[in-house]
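Inspection log for the structure reproduced underneath, given as structure tokens.
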Amino acid sequence: METNRRDGNKVWTPLLFSLVLIFGMVIGFNLRDSLRNKRDITTVIQRNDRLEELIGLINEKYVDTVNTNTLYKDAVTGLLEPLDPHTIYIPSEELQNVNEGLEGGFSGIGVEFSILRDTVEVTSVVEKGPAAAAGLVTGDQIIKVEDSLVAGTGITSEGIVSLLKGNRNSNVTVTIKEINDGRLTKVTITRDQVPLYSVDANIMLDDKTGYIKINRFSATTYNEFTKALAQLKRQGASQMIIDLRDNPGGYLDAATNMSDDFLDDDKLIVYTKGKNSPRFEYKSTGKGAFEAGKLAVLVDESSASASEVFAGSIQDWDRGVIIGRRTYGKGLVQEQYEMPDGSALRLTTARYYTPSGRSIQRSFAEGKDAYHEDFEKRLESGELTGNESFTPADTTTFLTAAKRPVYGGGGIRPDVYVPYDTSRWSTPLSKIAYSEEMRTAIWDYFIHNRRNLKFGSITDFQKQFNNTRQVVNDYLALLDPNEQKTVQKHLHVPEHEHYLHTQVKAELAKYLFKDNGYYSVKLKDDNVVNKALAVLNSERYGQILQPQQKETTPRKQAKR
């Protein structure tokens with residue numbers, strides 16, 4: 001994947017939440033099952049001749065030169081302004097990148113990279129991908145792409161991506177500096193489809209608990225999920241943790257198919273309806289792959305849309321325990337319509353409702369600015385950091401199958417609340433952990449010691465590797481004296497020092513064992529995961545769900 005390496009653990013800031021919101025809006029929710037079946041806008045609406053005439057008149061008569069494409073985009077944006085926050089216009093130049101994440105792949109050469117010291121370092125090569133077939137290995141440096149010099153030029157990750165991506169079966173010639181002997185070699189690579197995985201990790205947390213982390217719901221998610229689940233069951237998983245934190249949603253089918261694997265036959269998973277969209281129900285079918293074992297679903301304020309569909313179905317049927325913090329609150333369905341110029345409109349056509357009948361959509365009655373500021377409001381109120389007591393936006397009581405009260409109008413409220421772990425995180429600490437100097441120190445240690453970093457398994461690495469101190473010292477040596485003093489002051493706090501050393505170890509594990517290695521290390525200190533394990537392995541699990549002798553359909557509480 002021609003992308004700059006993403007930090008495995010996100011930095012919790014308002015900026016991140018805003019980005020997640022934007023991504024959630026961009027990928028929509030339903031999109032009527034697949035972008036491969038896009039609907040042409042010309043089949044739904046006719047060209048607005050008045051708009052075309054106005055833009056034509058401005059272009060012909062206006063005193064200065066104008067960009068008609070910008071005028072059109074601004075006009076469409078203004079037209080959508082009174083609508084909900086998730087109805088959006090996607091310009092043609094952005095549509096391909098937007099769709100790639102949902103389709104689960106793109107055409108490229110199949111590498112991950114970091115730019116360190118103005119040098120493009122290949123940090124991972126996709127197994128059996130085009131770059132691997134051409135002989136590229138982790139640690140090679142990309143010096144040129146065709147005739148474009150990319151080393152020492154201040155090039156950005158986006159610039160590298162644009163050079164490496166291209167049409168399938170097309171060729172691109174790259175000049176690499178080989179890690180083994182430092183030779184400069186020209187390599188011609190035939191571009192091919194490169195997967196974008198939505199399952200970040202599938203690991204055993206102990207001898208009976210499987211863990212699956214899902215970053216979005218794409219066209220390939222359910223396939224990836226079923227393989228991960230089957231593998232964990234073979235390793236002895238009798239109870240599961242599904243991690244949907246930071247998951248902004250995606251395709252409806254992926255979420256409903258996953259729910260189906262945990263619910264027995266003929267259970268309502270979700271239904272949709274709107275003014276011009278009749279009610280449509282999604283129900284479980286056949287025997288699911290994991291209908292009996294204990295289940296915990298991890299969510300937070302960035303879990304949105306299809307993530308909330310999955311969590312809502314599990315909660316309403318009392319199939320498992322929802323753990324974490326209140327979800328984002330996006331309960332709207334979008335369909336995509338293509339414009340003649342290659343742009344697209346993603347239009348909200350319906351709302352979706354969980355099995356109990358609740359809509360979890362947050363109100364946008366106070367305007368889009370207030371809607372987008374929800375994260376800040378939660379932070380200021382203390383909801384994210386320890387204040388669990390808040391009044392639901394919709395106080396109407398709905399009942400789960402076991403007659404537990406649940407609420408809508410603002411996301412899925414977890415059964416077990418876990419605050420954000422502020423003791424281990426701060427903005428200065430995040431800057432240290434994800435700084436270019438720290439990334440450089442970790443990478444240099446890996447490259448210089450790669451022949452000695454030989455471990456049979458992730459477990460062996462966790463038990464045997466204990467040299468993070470050297471990496472931190474190498475990092476400090478890259479800083480000027482004033483920065484060193486500032487960093488050392490932070491590291492005098494035991495929690496901060498422990499966090500940083502864990503982060504270093506996790507990043508090294510990722511180089512050795514990819515994402516499974518990273519999460520195997522990081523999750524040891526994850527307060528939400530540890531709470532989930534405690535609940536699954538205690539009587540509290542059954543106490544939370546309070547099953548009744550006679551199961552009922554989840555429903556809205558009748559008003560008296």
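General observations
- The number of residues in region 367-382 that are of a type outside the set (S, T, N, Q) and more than 19 Å from S426 (Cβ to Cβ) comes to 9.
- Verdict on A255 being closer than 30 Å to D421 by Cβ, in a strand (DSSP E or B) and modelled with pLDDT of 95 or more: no
- Within region 288-327, the set of residues being acidic (D, E) and within 15 Å of the chain's Cα centre (by Cα) comprises D300, E301, E308.
- Positions within region 140-154 being of a type outside the set (D, E) and either assigned to a strand (DSSP E or B) or surrounded by fewer than 19 Cβ atoms within 10 Å (Cβ to Cβ) (or both), in sequence order: Q141, I142, I143, K144, V145, S148, L149, A151, G152, T153, G154
- Residue within region 268-287 that is modelled with pLDDT of 95 or more, within 20 Å of the chain's Cα centre (by Cα) and more than 22 Å from V416 (Cβ to Cβ) present: no
- Top-ranked residue in region 181-196 [being touching a residue at least 40 places away in the same chain (Cβ under 8 Å) and outside any strand (DSSP E or B); ranked as nearest to D140 (Cα to Cα)]: R191
- Of all residues assigned to region 119-126, at least one qualifies as being more than 22 Å from the chain's Cα centre (by Cα) and either surrounded by fewer than 19 Cβ atoms within 10 Å (Cβ to Cβ) or modelled with pLDDT under 95 (or both).
Residue by residue, here is whether (1) assigned by TED's automatic domain parsing to the domain that holds F455; (2) of a type in the set (S, T, N, Q); (3) over 22 Å from the mean Cα position of the chain (by Cα) holds:
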residue	(1), (2), (3)
R469	yes, no, yes
L479	yes, no, yes
N482	yes, yes, yes
E495	yes, no, yes
L500	yes, no, yes
K505	yes, no, yes
Y511	yes, no, no
S520	yes, yes, no
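- Among the candidates L184, L205, L196, residue that is in contact with a Phe, Trp or Tyr (Cβ under 6 Å, 6 or more places away or on another chain) and either of a type outside the set (S, T, Y) or not assigned by TED's automatic domain parsing to the domain that holds G139 (or both): L205
- E93 falls short on exactly one of the conditions (1) exposed (fewer than 15 other Cβ atoms within 10 Å of the Cβ); (2) more than 20 Å from the chain's Cα centre (by Cα); (3) over 25 Å from T153 (Cβ atoms), and that condition is (3).
- All positions within region 343-375 that are in contact with a Gly (Cβ under 7 Å, 6 or more places away or on another chain) and among the charged types (D, E, K, R): R346, R351, R358, R362
- Hey, F113 out of contact with any His (no Cβ under 9 Å at 6 or more places or on another chain), buried (at least 18 other Cβ atoms within 10 Å of the Cβ) and at pLDDT below 95 or not: no
- For A201, the stated conditions do not hold, so it cannot be described as within 30 Å of A304 (Cβ to Cβ), over 22 Å from the mean Cα position of the chain (by Cα) and either part of a strand (DSSP E or B) or touching a residue at least 24 places away in the same chain (Cβ under 8 Å) (or both).
- Cross-chain or 6+ apart pairs with Cβ under 8 Å, region 145-162 first and modelled with pLDDT of 90 or more, then part of a loop (DSSP other than H, G, I, E, B): A151/D118; G159/V150; I160/E2; I160/V150; V161/E2
- Where I115 falls short, out of the listed (1) touching a residue at least 12 places away in the same chain (Cβ under 8 Å); (2) outside the structural domain of I189 (by TED's automatic domain parsing); (3) not hydroxyl-bearing (S, T, Y): (2)
- Selection status of T272, over 21 Å from I322 (Cα atoms) and either among the β-branched types (V, I, T) or in contact with a helix residue (DSSP H, G or I) (Cβ under 8 Å, 6 or more places away or on another chain) (or both): yes
- Scope region 92-112; condition free of Cβ contacts under 8 Å to residues at least 12 places away in the same chain and touching a Phe, Trp or Tyr at 6+ places or on another chain (Cβ under 9 Å); matching residues: Q96, N97
- Residues of region 145-174 that turn out to be of a type in the set (D, E, K, R), over 28 Å from the mean Cα position of the chain (by Cα) and either within 15 Å of V111 (Cα to Cα) or outside the structural domain of V120 (by TED's automatic domain parsing) (or both), as a count: 0
- Looking across region 261-312 at every residue that is of a type in the set (S, T, N, Q) and over 15 Å from G249 (Cβ atoms), the one that is surrounded by the fewest Cβ atoms within 10 Å (Cβ to Cβ) is identified as N276.
- Strands (runs of 3 or more DSSP E) completely within region 50-132 that count 3 or more residues being of a type in the set (V, I, T) and on the phi > 0 side of the Ramachandran plot: none
- Every residue from region 220-239 that is part of a helix (DSSP H, G or I), surrounded by 19 or more Cβ atoms within 10 Å (Cβ to Cβ) and not polar (S, T, N, Q): Y222, E224, F225, A228, L229, L232
- Residues of region 204-219 satisfying the condition of being hydrophobic (A, V, I, L, M, F, W, C) and in a strand (DSSP E or B): M204, I212, I214, F217
The values are calculated or read from the model by the stated rules, or taken from the named source; none is laboratory data. Note that the structure is a prediction, hence the values are computed from the model and not measured. Every residue, glycine as well, gets a Cβ built from its backbone with ideal geometry; the counts of neighbours run over all protein chains shown.
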